[in-house]
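Accompanying notes for the structure given below.
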Amino acid sequence: MLRRDFVRLIAASPFAARFQTSSPLPRLRAVSAYQSAPAPGMPGPYPGRVVAVRSDTCVDTSTGAANDDVVREMMARGMRSLTGARTTRDAWRRFFTPSDIVGLKVNCGGYPHCVSAYEIVAEIVRQLTALGIPETQIYVYERFQNQMDEVNYAPHLPPGVQIVAAERANRNVDNAGYDPAVYLEADLFGEDDTRSNMMRLVSQRLTKIINIPNMKDHGATGVTGCLKNIAYGSFSNVARTHQNGKSHTYSIVGALASIEPLRSRTVLQIMDGLRGVWHGGPFARTTKYVFYPKQIMFGTDPVAIDRLLLDIIEKERRAHGAISIWDRSPASLKVDDGRARDADPNVNIIIREPGHVEFAATLGLGTYDRARIKVQNLTV
Amino acid sequence: MKSLLLLFCVYSAGGSEVTATLAAAGITRICAEADLASRESLPVPGITARANLASPTRIPWIVANGWRVIRNPKSKYVYELPAGKAALAAAEAHAYGADAALKIDPSDAGALGAMLTFLEGLPALDLPIVADLAVVDDGSAVTGEVMNLLARRNLLYQIVPAPSPRFRITVAIGSPQYPREEAADPSAFALKIRRQLTDDQRTVRVFGSETVICRLTGDERQLRLHLINYGGRDIEGLRIRLRGSYASGAAHVLGVGRQELQDHVVASGSTEFSVPRLTTYAVVDLARTAP
C-alpha cells in the first residue's frame, strides 16, 4: 500500500521564547492523513466562552462525596447556558446526533481522590442515550486499563457502555491500540522511540469526543486541564517529554491536541472542578493537596478553560504559601525527587511549563487572552 | 549453508536426571563441563534497573552481548544463566552467530527446548550483515562500550581495520572527529553518531519499545531482520521502519509461529510494518521491491 500523508511541521510562534528561555523548541513533525473538519471541535462554536457553574452543596468536603442531584442540575444549567438552548435535550442536540460514536475522555490519574466524577460521566451518558445514541456507541476511555479498573465506572453506567483503554498499564509494550499512521515525531532527549501515536479508538472509531478533565496541578505542565487531558490521554509514549528536570510539554501538549482527527472530533469540554489538586498532581493518592473548587466549567474552547484553570491553581497554591506554578528557580528544583515534592509544595521536580496553554492558542486551539475570555458564572 | 544452530550446546548441572530432562525437552547437544572453562563468559542478557534512575520515564538499561560477538566472532562463549534467561541467551547467540555454550537452570529446559525447535524451523538464509557505519576497533574498553551503545541504539555498524570508503561514517576513537575524551560518555557519544548519520538515513528503526535490539542481514534481493526482545514482556504492535522498498512478508515469532505483518506501508523511500506480537525473539524475512 502506498500512503500519502499530510505531514505538518509545527513551528514555534515568535513569542514562544518569552517563556521557554532555557532551550529552543524541538522540531515537531505531525503525520496524519485526516483532514480538518470545516469547523474543528477545538475551539469549536464558542471560542473564548466559558460557563462556570458553582454549587456549595455539590460535594461534601468532609467525605469527598458528590451530590448526584446537584451535579445533574449543574450539568443541565451549564449546557443550556453554553448553547442558549431552551431545554437540556436541545443543548446536547447541538453537538450530537443518534448516529454518533462518542468518546468520553475521562481522567483516572488522580485516583482515588480526584478523577472524572462518576456523577458527571453518568449524567453525560444519560443525556447521550436520551438523544438516541445507543449505549454501545458510547466509549469511556483512558490510556491505561489498570487505572480504569481502579476507578471502575461500570457500576455507575448502564450496561453496554464501552469502557476501554489502549494499554494494560504504563509499560510501553502495548502498541496495538495505537494508529501507526497518525503520530507526532520528535527527538526530544535523544530517545530511540521518537513517535507518539494516536489511539486507534480516536482515529478509527469515534466521531465525537467529550473531554472531561479535572482541575489539577501538574509537575511538568503546571496544570493539567483540557489540553493536557485530551492530548496526553490520546497518544502513546508521552512520558518521554519530561525528564531530568526538563519538560518539553510547552509545545508538545498543544501540538498533540492539534493533530487531526483529534482536534476536529473533540467537540465539548466539561471540566470537573468538584474536587481539585493544588500540588503533587496529577496524582492524588492522599487528600493532602486536595481542595474543593465546587464547580463545573463548560465550553468548546480548551485554551480558554485552561487559562482560567491556571489562575485557580495558582490562587490555591498562593493560599497555602506554595511557590508559583510559573516558578523556574533552580533553588526550587529537586530533579526527579518525588518524595521531596510530595512532602513540600515548594519543591518542583521538573521546571513546569504552564505556558503550554498560551502556546496552544498560537496553534489555533483557542483564546488565551484573559480579557477576551467571556465567563458566565452561575450558581446552583 | 552453515546452520548457526550447530554452534549451540547446553550444560546443566545435576547428572543423568537433568540430562534426561534436557533430552525430554529436545535438547540433545550437551556440553561437557570441561568445555566450559575455556570459553569467554558473557553477562546474563536482559534489562536491569539503574540506581538513582527509578522514574518510569527512564529508558531501561539493557545488558546485551551482540557487540562482544561482533568484536570477536571466532571466540567461544559461555552464558551462565539463572532461571528464566535461557531462551533469551539462545536468541542472542543465534542472531549473532555466536559459538556459545548455555549453562542453564534445569527449570529452563522446556523454554530452551521450545527455542531450539523454533530456531531449527526457521527458513535457512545466510546473508551478509548490513551496516550503516564502520567502527575501527582498537580493542580498548572505551571502544567496546561505544560499540555496546551503538548496538543498543540500533545503529548498525561493521568493524573495519581502517576507514573505508564504503561507509559515510567511520568511527575511530582517538581521531580528531571522535576524541577519546568524548567517548568517555558512550551514551552521548552514540547519540552524536546517530545525529551524524541522521534518523532518516538509518537502515532500521524501531518504534514502540526501548528494549528491542535488531540484527540485520541482507543483500540486494532480500533482508532478514532479527528482533531480540530483552524486556521480558511481550510487545504488541512493534513498529519497524526499514530504509528501502520491501514487499510485505511474515514474521516468525517464538511461541507464536508465522505472523503476517500488519499495516505495511511503502512511502518516501522506506518501508514500515508492525509485528503483531513479539515474544523474546522473531525473525522477519522481506524481499526487496522496486521503489
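The values are calculated or read from the model by the stated rules, or taken from the named source; none is laboratory data. Keep in mind it's a predicted model, so treat the numbers as computed, not measured. Cβ: placed from backbone, ideal geometry, glycine included. Neighbour counts: every protein chain shown.
Per the listing B:Ala100, B:Ala134, B:Ala109, the residue uniquely assigned to a strand (DSSP E or B) and in contact with a Ser or Thr (Cβ under 6 Å, 6 or more places away or on another chain) is B:Ala134. Restricting attention to the range A:204-226, does a residue exist that is surrounded by 23 or more Cβ atoms within 10 Å (Cβ to Cβ), touching an Asp or Glu at 6+ places or on another chain (Cβ under 8 Å), part of a helix (DSSP H, G or I) and more than 12 Å from chain B (Cβ to nearest Cβ)? Looking through the range A:204-226, at least one residue is surrounded by 23 or more Cβ atoms within 10 Å (Cβ to Cβ), touching an Asp or Glu at 6+ places or on another chain (Cβ under 8 Å), part of a helix (DSSP H, G or I) and more than 12 Å from chain B (Cβ to nearest Cβ). For the range B:161-218, taking the residues that are within 11 Å of chain A (Cβ to nearest Cβ), of a type in the set (Val, Ile, Thr) and assigned to a loop (DSSP other than H, G, I, E, B), the one that is surrounded by the most Cβ atoms within 10 Å (Cβ to Cβ) is identified as B:Thr211. Screening B:Pro276 on (1) farther than 27 Å from B:Ala114 by Cβ; (2) at the interface with chain A (Cβ under 8 Å from one of its Cβ atoms); (3) surrounded by fewer than 21 Cβ atoms within 10 Å (Cβ to Cβ); (4) modelled with pLDDT of 95 or more shows it passes everything except condition (1).
Out of the range A:112-147, which residues are assigned to a loop (DSSP other than H, G, I, E, B), in contact with a strand residue (DSSP E or B) (Cβ under 6 Å, 6 or more places away or on another chain) and buried (at least 22 other Cβ atoms within 10 Å of the Cβ)? A:Cys114, A:Ser116, A:Ala117 - these are the residues of the range A:112-147 that are assigned to a loop (DSSP other than H, G, I, E, B), in contact with a strand residue (DSSP E or B) (Cβ under 6 Å, 6 or more places away or on another chain) and buried (at least 22 other Cβ atoms within 10 Å of the Cβ).
For the range A:64-106, filtered to residues that are touching a Gly at 6+ places or on another chain (Cβ under 7 Å) and not charged (D, E, K, R), the residue that is nearest to A:Ala165 (Cα to Cα) is A:Pro98.
Going by what's in this entry, would B:Arg221 be described as of a type outside the set (S, T, N, Q), within 11 Å of chain A (Cβ to nearest Cβ) and over 18 Å from the mean Cα position of the chain (by Cα)? Spelling it out, it is not the case that B:Arg221 is of a type outside the set (S, T, N, Q), within 11 Å of chain A (Cβ to nearest Cβ) and over 18 Å from the mean Cα position of the chain (by Cα). Checking A:Gly103, A:Gly109 one by one, the residue that is more than 14 Å from A:Lys294 (Cα to Cα) and out of contact with any strand residue (DSSP E or B) (no Cβ under 7 Å at 6 or more places or on another chain) is A:Gly109 and no other.
Kindly provide the set of residues from the range A:181-203 that are outside any strand (DSSP E or B), within 13 Å of chain B (Cβ to nearest Cβ) and over 21 Å from A:Ser247 (Cβ atoms), ordered by number.
From the range A:181-203, those outside any strand (DSSP E or B) are A:186-194, A:200-203; that's our starting set.
The next check asks that each one be within 13 Å of chain B (Cβ to nearest Cβ); those that pass are A:186-194, A:200, A:203.
Answer for the range A:181-203, where residues must be outside any strand (DSSP E or B), within 13 Å of chain B (Cβ to nearest Cβ) and over 21 Å from A:Ser247 (Cβ atoms): A:Arg200, A:Ser203.
Please indicate, with yes or no, whether at least one residue in the range A:261-278 is over 18 Å from A:Val115 (Cβ atoms) and part of a loop (DSSP other than H, G, I, E, B). Walk me through how you get there before you give the answer.
Here is the first cut: in the range A:261-278, the residues over 18 Å from A:Val115 (Cβ atoms) are A:261-268.
Restricting the remaining residues to those that are part of a loop (DSSP other than H, G, I, E, B) gives A:261.
Looking for residues that are over 18 Å from A:Val115 (Cβ atoms) and part of a loop (DSSP other than H, G, I, E, B), one finds at least one in the range A:261-278, hence yes.
A:Ile296: assigned to a helix (DSSP H, G or I), buried (at least 23 other Cβ atoms within 10 Å of the Cβ) and at pLDDT 95 or above, yes or no? The answer is no for A:Ile296. In contact with a Leu (Cβ under 8 Å, 6 or more places away or on another chain), under 23 Å from A:Ile212 (Cα atoms) and not in a loop (DSSP other than H, G, I, E, B): does that describe A:Asp306? Answer is yes for this residue. Against the test of being farther than 29 Å from B:Leu238 by Cα and modelled with pLDDT of 95 or more, the options A:Tyr153, A:Tyr183 yield a single qualifying residue, A:Tyr153. Every test in (1) surrounded by fewer than 18 Cβ atoms within 10 Å (Cβ to Cβ); (2) within 14 Å of chain A (Cβ to nearest Cβ); (3) over 20 Å from B:Val130 (Cβ atoms); (4) of a type outside the set (Val, Ile, Thr) is passed by B:Gly255 save one, and that test is (2). For A:Gln137, are the conditions met, namely being without any contact (Cβ under 8 Å) to a residue 40 or more places away in the chain, of a type in the set (S, T, N, Q) and within 14 Å of chain B (Cβ to nearest Cβ)? When the stated conditions are applied, A:Gln137 does not pass them. Here B:Met115 meets each of (1) closer than 19 Å to B:Thr217 by Cβ; (2) within 16 Å of the chain's Cα centre (by Cα) with one exception, condition (1). For the range B:279-291, a residue qualifies if it is part of a strand (DSSP E or B) and surrounded by fewer than 17 Cβ atoms within 10 Å (Cβ to Cβ), and exactly one does: B:Ala287. Scanning the range A:309-326 for residues that are surrounded by 15 or more Cβ atoms within 10 Å (Cβ to Cβ) and of a type in the set (Asp, Glu), which turns out farthest from A:Leu227 (Cα to Cα)? The qualifying residue farthest from A:Leu227 (Cα to Cα) is A:Glu316.
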